[in-house]
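Below you'll find the structure, written out as structure tokens, and then a few comments.
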């Protein structure tokens, strides 16, 4: 029985899946199984997995159920005590599983271990940007205003978490289903973090996370859902949560193929109305500066400037690692 079950949902994923699976087999930790859920693909995912013919890989094919449904199918068929999620277009650092398993083994009170995330472009080139938090222990209060875990390819989760709180909510889309599950786990289990970028998240121009309108609806559903069952002493955080989630949404119109600073500014105003104290946050002023740059420089010049700055940061990071 493998200790870790790695769940990879695949929907028309052949452009990236072979590279993603390759990073799994480069892991320094080897006690795992891989469950690839072919979620109604119309490309060659199933044939590729069958021809790959690796004893650690199990293929499950089903009609399309969406990301949450595919993950749930994988979890229901998993044998491991620890569950790792990996989207078919993301990549892992070779030590990712080893470091997470060690931390979860050492922390019986913990249910989830996350890492930091490095961002890469569509072709797999690191942009020089990464995001990561350092919150550990009882993280619900922080999590309700900011998804410290990040993307779904990050966490290693103890199986008992799913037995306690259930699986992904299939009614939620646009990546908010991840945040919803972490919020349901957080009241019962501690979180732990590996303070290194061990997951590489691929930013695609058509990414569902850019669909800010759908995300806005899903965010509100999650906030209402979680505060309906929250203890009375926590309900004062609802306005703060709504404000920070709206501020997070305000970044999305700036990240598409055609940046839309007017929409970002409108969402920023909405965040202020929901939680006026948000104007004291670093995130608010960082967003404000980027909206202004978009408006002053124009979308095209801003995109070129941003690309130059990311390239410069990437070179500086590579230079520091070489030293």
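Taken together, the values in this text are just the output of simple stated rules run on the coordinates, not laboratory data. This is a predicted model, so every value here is computed, not measured. In this analysis, Cβ positions are derived from the backbone assuming ideal geometry, glycine residues included, and neighbour counts consider all displayed protein chains.
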Residues satisfying the stated conditions in the stretch 105-124, i.e. farther than 20 Å from residue 166 by Cα and touching a residue at least 24 places away in the same chain (Cβ under 8 Å): 107, 115, 116, 117, 118, 119, 120, 121, 122, 124
Helices (runs of 4 or more DSSP H) enclosed by the stretch 54-155 - at least 3 residues per element that are in contact with a helix residue (DSSP H, G or I) (Cβ under 8 Å, 6 or more places away or on another chain) and on the phi < 0 side of the Ramachandran plot: 66-76, 140-143
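Report, by residue number, each residue of the stretch 270-299 that is in a loop (DSSP other than H, G, I, E, B) and over 11 Å from residue 246 (Cα atoms). Outline the logic, then answer.
Keep residues of the stretch 270-299 that are in a loop (DSSP other than H, G, I, E, B), which gives 275, 281, 298.
Residues satisfying the conditions are 281, 298.
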